[in-house]
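Asks: Have a look at this one.
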Amino acid sequence: MTKQYKVVYRKSECIGAGACEFSFPKGWHFDKETSIATLKDPKTQKTDEREELIINQEQYEDYLDSARVCPVLIIEIYDNETGEKVFPES
Ligand code: SF4
């Protein structure tokens, strides 16, 4: 089985920079009316405050790139097995 990661996006803290969608348009939708980004994958679990998505190794680099460009670092990635935070490093 390939390694799995969990993307945790603290949506309520989004400042609307849009960099995530610019970096990885297949993964993110930036709503110009609300100025808030959302994860596009239909498997995403969503609440008003946050979004969570389990991804596999092949998807990891794309999501990591989009997490890196977020100016407020509210896109976090965890090892789904150990629960350890992979990005951002604390
Ligand atoms: S880069 Fe960060 S702040 Fe900008 S839209 Fe995406 S999640 Fe929101």
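Asks: So, in the stretch 43-58, how many residues would count as being in contact (Cβ under 8 Å) with a residue 24 or more places away in the chain and either more than 15 Å from Cys14 (Cβ to Cβ) or crowded, with 16+ Cβ neighbours inside 10 Å (or both)?
Replies: Here the count works out to 8.
Asks: Within the stretch 1-32, can you find the residues that are more than 11 Å from the ligand (Cβ to nearest atom), surrounded by 12 or more Cβ atoms within 10 Å (Cβ to Cβ) and farther than 22 Å from Lys85 by Cα?
Replies: Matches in the stretch 1-32: Pro25 only.
Asks: Give the residue that is surrounded by the most Cβ atoms within 10 Å (Cβ to Cβ), with candidates limited to residues of the stretch 73-87 that are within 16 Å of the ligand (Cβ to nearest atom), in contact (Cβ under 8 Å) with a residue 40 or more places away in the chain and under 15 Å from Glu61 (Cβ atoms). Spell out how you get there, then give the answer.
Replies: Taking the stretch 73-87 as the starting set, the residues that turn out to be within 16 Å of the ligand (Cβ to nearest atom) are 73-77, 87.
Keeping just the survivors that are in contact (Cβ under 8 Å) with a residue 40 or more places away in the chain gives 74-77.
Now drop any that are not under 15 Å from Glu61 (Cβ atoms), which leaves 75, 77.
Values: Ile75: 27, Ile77: 20.
Restricting to residues being within 16 Å of the ligand (Cβ to nearest atom), in contact (Cβ under 8 Å) with a residue 40 or more places away in the chain and under 15 Å from Glu61 (Cβ atoms), the top hit is Ile75.
Asks: In the stretch 1-57, how many are assigned to a loop (DSSP other than H, G, I, E, B) and of a type outside the set (Asp, Glu)? Please lay out each step first, then the result.
Replies: The first filter runs over the stretch 1-57 and keeps only residues assigned to a loop (DSSP other than H, G, I, E, B), leaving 1-3, 10, 14-18, 24-27, 32-35, 40-44, 47-50.
Of the ones still in play, those that are also of a type outside the set (Asp, Glu) are 1-3, 10, 14-18, 24-27, 32, 34-35, 40, 42-44, 47, 50.
Going through the stretch 1-57 one residue at a time, the tally reaches 22.
Asks: Here is a further query. On the given criteria, is Ser35 surrounded by 18 or more Cβ atoms within 10 Å (Cβ to Cβ), within 10 Å of the ligand (Cβ to nearest atom) and without any contact (Cβ under 8 Å) to a residue 60 or more places away in the chain?
Replies: No; evaluated as a whole, the condition is false for this residue.
Asks: In addition: Here's a check for you: in the stretch 59-72, which residue that is away from the ligand (no atom under 13 Å from the Cβ) and among the acidic types (Asp, Glu) is surrounded by the fewest Cβ atoms within 10 Å (Cβ to Cβ)?
Replies: Filtering first and then ranking leaves Glu61.
None of the figures in this text is laboratory data; all of them are computed from the coordinates on show. Keep in mind the model is a prediction, meaning the values are calculated, not measured. All Cβ positions, glycine included, derive from the backbone under ideal geometry; neighbour counts span all protein chains shown.
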